[in-house]
Amino acid sequence: MTNKRRSQEWFGRTDKSGFIARSWLKNQGLPNDVFDGRPVIGICNTWSELTPCNAHLRDLADQVKQGVLEAGGIAFEFPVMSLGEALMKPTTMLFRNLASMDVEETIRANPIDGVVLLVNCDKTTPACLMGAASVDLPTIVVSGGPMLNGKHHGKDLGSGTDLWKFSEDLRAQKITQEAFDQAENSMSRSPGACNTMGTASTLACMVEALGLTLPGGAAIPAVDANRRRLSRLAGRRIVAMVEQDQRLSQILTRQAFENAIVVNAAIGGSTNFILHLLAIAGRLGVELTLDDFDRLSQRVPLLANLKPSGDYLMEDFYYAGGVPAVISQLAHRLHGEVIQANGLCLTDNYRGGRSYNNAVIADAAAPVQEDAGTVVLRGNLAPDGAIIKPSAASPDLLCHTGRAFVFENIEHYNAVINDLTLPVEKDDILVMKGAGPRGYPGMPEVGNFGLPKKLLLEGVRDMVRISDGRMSGTAFGTIVLHVSPESEIGGTLALVQTGDFIELDAREKILHLRVSEDELARRRQRWTPTLPAITRGYASLYIATVQQAHLGADLDFLVGHSGDHIDREPHPE
Ligand code: FES
């Protein structure tokens, strides 16, 4: 045993501080020898009954603990703020950065040598990774896995994706309220995250592509025994990572980020991936910009045929070979030499991957779609960028010029969207303001706002929609998101008026407001920012310090890292 472990700064002392650190923990029945210098592993758990997608994580934590013990370490499970998409208002994104602070400070303040991050629902993954990255201890991730496929009236139901369809069908009076209600019991059949390639599964795949979990870990269903086995093996592995001092920053290299971007394009991953990856990179000082996503996603074929872009669900993806089947087909585009959490390089980890069902994971020679990655748009409407996910859009709308129909904010939208006399036409471009990081605040998933009822009743199912907000990873449509700078701080989006013409050209990557510079200057002079309605608490801190979407929407003072060192003791000598 070495005496140089970080935890020994607490446990390896013979003074009053050492007494305190050991004695109070002994109230849990710990014998003396657990303080002898063996690796101390923190199990950072985002379990919460208010986060249904993470409600099984205490079970997985038990498996991690077993693995740690088997490998000669000692584990302490600790809770951190959990972020459940299904319940939290106004949006979990408002709290991602807050949760990251909880994770960072809890890890740093405690006698921990290595960390296992137990995550699942969308924001729990980036929040934990951002916080852990700012401490930079040896770290491994265990995602909770997706729910089983939803089953309803003989068909598979995808979390979110099918709800958005049912909801629009209900508004269009194509289904009854009773039919809508019946689906509620069939969508979420087991513990786990959304079973589509929504944000949670996208980020689980991101974690795997970054090399932060054991190979094959992303897609295992939450209730499959293999997920418990993976948790146990992760517990064993983190002990070895501590012994080898394999830190997060050694895995999260620029090359690893590039790998994740390529894999995300091939799986048709959520647009939220971009925000979170930028924020994680920012914590480590790895240079990453929107242009990297654009460049690296180009000509990457869509291999995964999963909702919302395709037909199948995460359970099918797992049986078809999961991330290993995707990575093995992208080998020539990836940095194979990067070392991953298990100590091996990507090439060695994924050599045996293959697709067992080409309907779900296509062959690269016959992809679901050519050139499917997220497109970064620029133009006077988004000087710092905006994004669109072509694989989830209507092909005939990807190049479209139309008249803007503007909703000044979400309240305006809610007040008029069901008005059957609304003067909106099917070829209009719908614009929503006030949904950015500062404006809402928190950049909610309102970018996939529903179509006007009047047009739904006419059979319209998609229109170009533009906002400074985000959209659920489970959503679909011709939706331009993350417009930066946002309207709240005076971005061009704030100046758009109903009747203006907007040009969207996803092929040429253009988002242009056809209004003269002189007229825009006049409108800008008249524009006045609204004062924040929130003046206290965390939300006011968020509004004052949040960065724009193209930078990852982290708080400006959280960018970067402070390491694991602590200068001062809680008690005098
Ligand atoms: Fe938790 Fe979708 S609501 S993963």
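Worth pointing out:
- Among (1) of a type in the set (Asp, Glu); (2) away from the ligand (no atom under 16 Å from the Cβ); (3) buried (at least 20 other Cβ atoms within 10 Å of the Cβ); (4) closer than 30 Å to Arg438 by Cβ - the single one Glu85 does not satisfy: (2)
- From Glu488, Glu425, residue being outside any strand (DSSP E or B), open to solvent by 20 Å² or more (accessible area, probe 1.4 Å), more than 16 Å from the ligand (Cβ to nearest atom) and under 26 Å from Ser270 (Cα atoms): Glu488
- Among the candidates Asp102, Asp136, residue that is closer than 26 Å to Arg58 by Cβ and either open to solvent by 10 Å² or more (accessible area, probe 1.4 Å) or at pLDDT below 90 (or both): Asp102
- All positions within the stretch 289-302 that are touching a residue at least 40 places away in the same chain (Cβ under 8 Å), open to solvent by 20 Å² or more (accessible area, probe 1.4 Å) and part of a helix (DSSP H, G or I): Asp291, Asp294, Leu296
- Unique residue being basic (Lys, Arg) and in contact with a Gly (Cβ under 9 Å, 6 or more places away or on another chain) when the list is Arg465, Arg438: Arg465
- Given (1) part of a loop (DSSP other than H, G, I, E, B); (2) β-branched (Val, Ile, Thr); (3) within 23 Å of Asp556 (Cβ to Cβ), number of the condition Val483 does not satisfy: (1)
- Pairs with Cβ under 9 Å, 6+ apart, first in the stretch 48-59 and more than 10 Å from the ligand (Cβ to nearest atom), second aliphatic (A, V, I, L, M) and part of a helix (DSSP H, G or I): Ser48/Leu57
- Entirely in the stretch 179-288, the helices (runs of 4 or more DSSP H) that have 1 or more residues that are away from the ligand (no atom under 16 Å from the Cβ) and farther than 23 Å from Ala61 by Cβ: 199-210, 248-251, 254-267, 272-284
- Scanning the stretch 303-329 for residues that are part of a loop (DSSP other than H, G, I, E, B), among the hydrophobic types (A, V, I, L, M, F, W, C) and within 19 Å of the chain's Cα centre (by Cα) yields a single hit, Leu313.
- When Ala127, Ala109 are screened for being within 16 Å of the ligand (Cβ to nearest atom) and either open to solvent by 10 Å² or more (accessible area, probe 1.4 Å) or closer than 16 Å to Thr199 by Cα (or both), only Ala127 passes.
- Qualifying residue in the stretch 519-531 (condition: acidic (Asp, Glu) and touching a residue at least 24 places away in the same chain (Cβ under 8 Å)): no
- Residues (farther than 16 Å from Ala200 by Cβ and touching a residue at least 60 places away in the same chain (Cβ under 8 Å)) located in the stretch 138-161: Pro138, Thr139, Ile140, Asp156
- Breaking point among (1) within 30 Å of Ile280 (Cα to Cα); (2) away from the ligand (no atom under 16 Å from the Cβ); (3) in contact (Cβ under 8 Å) with a residue 40 or more places away in the chain, for Glu168: (1)
- Check on Ala494, touching a residue at least 60 places away in the same chain (Cβ under 8 Å) and assigned to a helix (DSSP H, G or I): yes
- Any chance Ala341 is part of a loop (DSSP other than H, G, I, E, B), within 30 Å of Ser190 (Cα to Cα), touching a strand residue (DSSP E or B) at 6+ places or on another chain (Cβ under 6 Å) and of a type outside the set (Ser, Thr, Tyr): yes
The values are calculated or read from the model by the stated rules, or taken from the named source; none is laboratory data. Computed from a predicted structure; not experimentally measured. Reconstructed Cβ throughout: ideal geometry from the backbone, glycine too, with neighbour counts over all protein chains shown. Keep in mind that these areas ignore ligands, DNA and RNA; they rest on the heavy atoms of the full protein, side chains included. Shrake-Rupley method; radii C 1.70, N 1.55, O 1.52, S 1.80 Å.
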